[in-house]
Amino acid sequence: MRILALDQARHGGWSVFEMDTRALVAYGAFNFDDKQYEFDEVLYQVVLLIPKLMCQYDCAALFIEDIQMQTNVQGFKRLAQLQGAILYYCAEHEILVSAVTPSQWQNYCKARGRTSKEVKSGILSLEDSGKKRSKMLSLQYVRDTYGVETTNDNVSDAICIGTYVVNNIKIRTKR
């Protein structure tokens, strides 16, 4: 059985894994630039991408990155809308879908930036914290684990999400 892992956003990434062998089958990126696409069109395009990839790679389930609170409220709102559109589409088409929290896959792949508590303790500086550090660690993880040379952290994040899923989640199918 194959799964599709999605790091969903305006600029996102995807990966396909074989559950039984835990092998990375395929990966890629998508980009719906704000100069060409209004956000409602982005919702539509990302949702259209799901059945295309699931059919192309014969995937039985979809795993997306769960959203988390951000300082940019508008960005958080848009990610929530995108997640809602994906979940609605999957429910409508009876696609098995689940969300993976960023901390789950980041901890598993050793691609986690530092928490605000760690920074406040004074043990770590702000330079050691945050998004950039976790993105660099994600890129390094896929290079070291799969030999994937990419500078696109959306792709590396999607590969890390898939890695977490195939190593930690059991999928039960109807008999």
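The values are calculated or read from the model by the stated rules, or taken from the named source; none is laboratory data. All values reported here derive from a predicted model rather than from experimental measurement. Here Cβ is always computed from backbone atoms with ideal geometry, including for glycine, and neighbour counts include all displayed protein chains. Calculation scope for accessible area: heavy atoms of the full protein, side chains included, ligands and nucleic acids excluded. Shrake-Rupley method; radii C 1.70, N 1.55, O 1.52, S 1.80 Å.
The table for this structure:
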{"quantity": "Theoretical FRET efficiency, 1/(1+(r/R0)^6), r = Cβ-Cβ of ASP40 and LYS110, R0 30 Å, to 0.05", "calculated": "0.20"}
{"quantity": "Amide H partners (placed H, <5 Å) of THR101, local residues excluded", "calculated": "ASP66"}
{"quantity": "For LYS135, solvent-accessible area (1.4 Å; no DNA, RNA or ligand), Å²", "calculated": "40 Å²"}
{"quantity": "Global geometry of the stretch 1-64, whether rounded, prolate or oblate, following the gyration tensor of its Cα atoms and the 1.5 cut on a/c", "calculated": "prolate"}
{"quantity": "Size of the chain as Cα extents on the principal axes (Å, biggest first)", "calculated": "52, 39, 29"}
{"quantity": "Sequence-distant residues sharing a close amide H with PHE30 (under 5 Å, placed H)", "calculated": "GLY12, GLY13"}
{"quantity": "Other-chain or far-sequence residues with amide H under 5 Å of ALA61's (modelled H)", "calculated": "LEU4"}
{"quantity": "Within the chain, percent of DSSP bridges classed antiparallel, to nearest 5", "calculated": "55 percent"}
{"quantity": "The stretch 100-110 - phi-based ³J(HN,Hα) in whole Hz, Karplus 6.51/-1.76/1.60, Gly and Pro as x", "calculated": "10, 6, x, 5, 4, 6, 5, 5, 4, 8, 6"}
{"quantity": "Heavy-atom SASA rank of ILE161, ILE95 (probe 1.4 Å, accessible area, largest first)", "calculated": "ILE95, ILE161"}
{"quantity": "Charge dipole magnitude, Cβ of K and R +1, D and E -1 - the stretch 1-119, Cα centre, debye nearest 20", "calculated": "520 debye"}
{"quantity": "Mean Kyte hydropathy of 0.5 or more with a Cα span along the axis of at least 24 Å, helices from DSSP in the chain", "calculated": "39-56"}
{"quantity": "Distance-filtered residues of the stretch 132-163 - backbone nitrogen under 17 Å, label point 7 angstrom along THR21 Cα→Cβ", "calculated": "146-148, 163"}
